[in-house]
Amino acid sequence: MTEGPGLLTLGDALFLDIDGTLLEHQDHPEAVRVDDDLRALLQNGFFRLEGALALITGRTIAMVDHLFLPLELPAAGIYGLEMRLAAGEPVTRAPEPGALSRVTETLTGRFAGVEGVYFERKGPVLAIHTRAAPHMLEAVMKAARELLPELGADYRIAAGNAGLELVPIAGVKAAAIERFMATAPFAGRRPVFLGDDTTDESGFNFVNGCGGLSVRVKPNGPTAARFTLPDVASARAWIGAAF
């Protein structure tokens, strides 16, 4: 792992996480705001890369579109369980199992009234945020592990920097990036992926295996990324230097 990745080129395919990479984290995921400079950066990058720029996020694509309005970029939402392979195309979505509603009801009841613990249902994914109550993460993790068997073998717990998610095993950023790389205009380009969280590690591994460029923003532990950047401002500046 080395600080300072090389230059992003106009022949690359650029994949970008959002929270913690392009935007600073907030205690509540709906508290983030996209500024006009970031919109202009992504719009210009999309044009200069001839469409080979995609957002790879744990958010739903509907949430992404709301944040970046009026931009509508290629995107993988909820770790690839939602996909829009090209701007303007319809979004494909994974089904939602009924068991997840029952698990959600049990967990929200167990932590009802606990300040700083926020539940977010995203289709087939349940996110539990503890950024505002880090002391609760262990208890939330214990409860999620107890209930995980009710979702069957197709589900896993994805632990993040400030919470966890109950997510189908098919929902990994590596698979989303791989799907983009099999389609135009991404195919044949060098993949470049910027992320900041443990949920981005599968994407780093995939990109490394393709001879691409993996960059973790503000790392706070071991990472498969080959390069690092110290903060969101540095990530945005590095992207902007190419455009």
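For the chain, build the charge dipole from Cβ charges (+1 Lys, Arg; -1 Asp, Glu) around the Cα centre, then report which of 34, 111, 79 sits farthest towards its positive end.
Looking along the dipole axis, the top candidate is 79.
Which residues' amide hydrogens lie under 5 Å from the amide hydrogen of residue 155, considering only partners 5 or more residues apart or on another chain, with H built in the peptide plane?
Under 5 Å from the amide H of residue 155 lie the amide H atoms of 169, each far enough along the sequence or on another chain.
Using Cα centres only, tell me the gap between the stretch 43-60 and the stretch 158-207 in whole Å.
14 Å
When only DSSP loop residues count, what chymotrypsin sites (Phe, Trp or Tyr not before Pro) in the stretch 113-170 have their Cβ near at most 10 other Cβ atoms within 10 Å?
Answer by residue number: there is no such site.
Taking the inverse of the average 1/r across all pairs of different Cα atoms in the stretch 98-168, what Kirkwood radius in Å do you get?
11.9 Å
Rounding to the nearest 20 debye, state how big the charge dipole of the chain is about its Cα centre with +1 on each Lys and Arg Cβ and -1 on each Asp and Glu Cβ.
420 debye
For the chain, modelled as a Gaussian network with Cα springs under 10 Å, which listed residue fluctuates most, 54, 13, 187?
Result for the chain, Cα springs under 10 Å: 187 fluctuates most.
To the nearest 0.05, how large is the calculated FRET efficiency for residue 110 and residue 43 if R₀ is 35 Å and r is the Cβ-Cβ distance?
Taking R0 as 35 Å, the efficiency between residue 110 and residue 43 is 0.20.
Students often get this wrong: which residues of the stretch 52-91 have the backbone nitrogen under 12 Å from the point 7 angstrom along Cα-to-C-beta of residue 210?
Hits in the stretch 52-91 for residue 210 at 12 Å: 52-54.
Read-outs: derived from the displayed coordinates by stated rules, not from any lab. Note that the structure is a prediction, hence the values are computed from the model and not measured. Positions of Cβ are generated from backbone atoms using ideal geometry, with glycine treated the same way; all protein chains shown enter the neighbour counts.
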